[in-house]
Amino acid sequence: MENENQPLIIDGKKTSATIKEELAKEVVKIKEAGGKVPHLAAVLVGDDGASQTYVGAKVKACEQIGFTSTLVKLEADISEEDLLAEVDKINENPDIDGMIVQLPLPKQISVEKVTARIRPEKDVDGFTPANVGRMALNWPTYVSATPNGILELIKRYEIETSGKHCVVIGRSHIVGSPMSILMGRNDTPGNCTVTLTHSRTKNLPEICRSADILIVAIGKPEFVTKDMVKPGAVIIDVGIHRVPDETKKSGFRLIGDVKFDEVAPISSAITPVPGGVGPMTIASLLYNTLMAAQGRVYP
Ligand code: NAP
């Protein structure tokens with residue numbers, strides 16, 4: 001039987017604004033106590049348009065809530081050695097609490113080497129092996145932005161996870177894989193029975209139909225259709241795609257990995273695209289930067 005109620009729309013835009021307000025209040029308190037406000041350094045290599053937009057949004061968000069930010073812009077042809085030296089400089093700068101190196105990086109540079117060079121204490125993106133390991137061990141850590149944002153939405157919307165079957169589609173290092181670990185940890189949110197699926201998975205629609213919570217990070221527009229969803233399931237759509245739309249001023253609209261119009265009516269709760277998971281990522285980064293400044297992960 002189909003769920004006849006309207007689904008709960010999990011509003012990432014609103015939640016992210018609330019988190020930013022909370023963080024701004026923290027900054028006021030820090031200032032009143034005569035403390036140092038959190039400081040984020042963002043490293044941008046080259047002039048890729050999307051990367052510039054993402055980094056610009058992160059720096060702007062810092063300004064909005066009263067954090068200090070430093071943007072380190074480097075040429076696209078920088079050598080790996082010189083980039084590592086820049087990372088070292090930030091590592092050594094006692095005024096900087098957190099650092100991100102915007103990906104992707106140019107071909108001549110090893111992402112692994114650069115990521116491993118970031119001091120775990122300052123790795124507010126949560127990408128270093130040390131912090132990914134701590135996440136898997138359920139130790140205090142910086143959980144990376146997108147998974148952290150999803151956890152925060154689940155928490156704030158009081159979605160029950162314990163004992164539920166969570167199916168994750170996609171096993172990328174930035175979304176699917178960490179989400180599968182986080183949902184299976186002995187924690188809240190967590191305590192799910194998790195199935196992690198990928199391109200070699202057999203019977204994917206059948207597995208999806210057994211999900212109480214379906215987290216979709218496959219990168220294929222509107223891949224998940226109504227026939228793949230159990231009525232009453234909670235749907236977290238991580239995908240984001242631009243599709244041409246002449247009715248829009250911009251000439252395009254955004255859609256997710258889930259066919260929202262047909263899946264939403266049978267779900268109990270769902271993240272829309274846009275306005276679901278996407279807006280949460282910057283809020284997560286800011287939160288991690290506050291944790292770094294307060295020494296809450298590495299006291
Ligand atoms: P990705 O690195 O491309 O990974 C896609 C995953 O989907 C892979 O694990 C792949 O399996 C799996 N897959 C591909 N085809 C499949 C199929 N037919 N059946 C089952 N699994 C299949 O993607 P990503 O970086 O995780 O991103 C996923 C989506 O989320 C993208 O649309 C991206 O733009 C979006 N995203 C959004 C945010 C946000 O803030 N909202 C953040 C990050 C990403 P294999 O491993 O076997 O290849």
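Some values worked out for this structure:
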| quantity | calculated |
| --- | --- |
| Gaussian network model of the chain, springs between alpha carbon atoms under 10 Å - residue of Pro120, Pro244, Pro140 with greatest fluctuation | Pro244 |
| Rg to Rh, two decimals, where the stretch 74-190 supplies the alpha carbon set and Rh follows Kirkwood | 1.04 |
| Where N is the number of residues in the stretch 1-80, Cα Rg divided by 2.2 N^0.38 Å | 1.59 |
| Exposure proxy ranking, count of Cβ atoms within 10 Å, fewest first, for His173, His198 | His173, His198 |
| Using distinct alpha-carbon pairs, which all enter the 1/r mean, Kirkwood radius of the chain in Å | 20.1 |
| Extension gain (nm, one decimal) between Ala24 and Asp88, 0.36 nm per residue minus Cα-Cα | 20.1 nm |
| Sequence-separation-based contact order of the stretch 33-120, relative, with Cα cut under 8 Å and 6+ spacing, percent | 40 |
| Diffusion coefficient, µm² s⁻¹, Stokes-Einstein with Kirkwood Rh over alpha-carbon pairs of the stretch 177-251 at 10 °C and 1.306 mPa s | 113 |
| Built amide H within the under 5 Å cut-off of Arg253, gap 5+ | Val243, Asp245 |
| Leading residue at positive end of dipole, the chain (Cβ point charges), from Val168, Ile65, Gly219 | Val168 |
| Long-range HN-HN contacts of Thr193 with modeled amide H, under 5 Å | Gly163, Lys164, His165, Cys166 |
| Rounded D (µm²/s) - the stretch 144-279, Kirkwood Rh over Cα pairs, Stokes-Einstein at 25 °C, 0.890 mPa s | 165 |
| Whole-number percent relative contact order across the chain, with pairs defined as alpha carbons under 8 Å at least 6 apart | 22 |
| Of every Cα-Cα pair in the stretch 33-120, the percent that sits beyond 20 Å | 34 |
| For the stretch 144-154, Karplus couplings with θ = phi - 60° (6.51, -1.76, 1.60), whole Hz, Gly/Pro x | 4, 4, 5, x, 4, x, 5, 4, 5, 5, 4 |
| Backbone HN-Hα couplings from phi across the stretch 33-42 [Karplus 6.51/-1.76/1.60, Hz, Gly and Pro as x] | 7, x, x, 8, 6, x, 10, 10, 10, 10 |
| Cysteines without a disulfide-compatible partner [the chain; Cβ-Cβ under 4.7 Å] | Cys62, Cys208 |
| FRET efficiency, 1/(1 + (r/R0)^6) with R0 35 Å, evaluated for Lys226 and Ser110 via beta carbons | 0.20 |
| For the stretch 82-139, Kirkwood radius (reciprocal of mean inverse C-alpha pair distance, Å) | 11.9 |
| Spacing of the two label points (7 Å from each Cα toward its C-beta) at Arg200 and Ala136, in nm | 1.7 |
| For a label point 7 Å along the Cα-to-beta-carbon line of Gln294, residues of the stretch 11-44 with backbone N under 17 Å | 18-40 |
| Positive-end residue, the chain charge dipole about Cα centroid, Cβ charges, pick of Val55, Ser144, Leu40 | Ser144 |
| Set Lys58/Lys220; Lys107/Lys220; Lys60/Lys249; Lys122/Lys230; Lys60/Lys89 screened for pairs whose C-alpha atoms are more than 30 Å apart | Lys122/Lys230 |
| Gaussian network model of the chain, Cα within-10 Å springs - most flexible of Leu285, Leu103, Leu196 | Leu103 |
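No lab work stands behind these numbers, since they all come straight from the coordinates. Not measured: the values here are computed from a predicted model. Every residue, glycine as well, gets a Cβ built from its backbone with ideal geometry; the counts of neighbours run over all protein chains shown.
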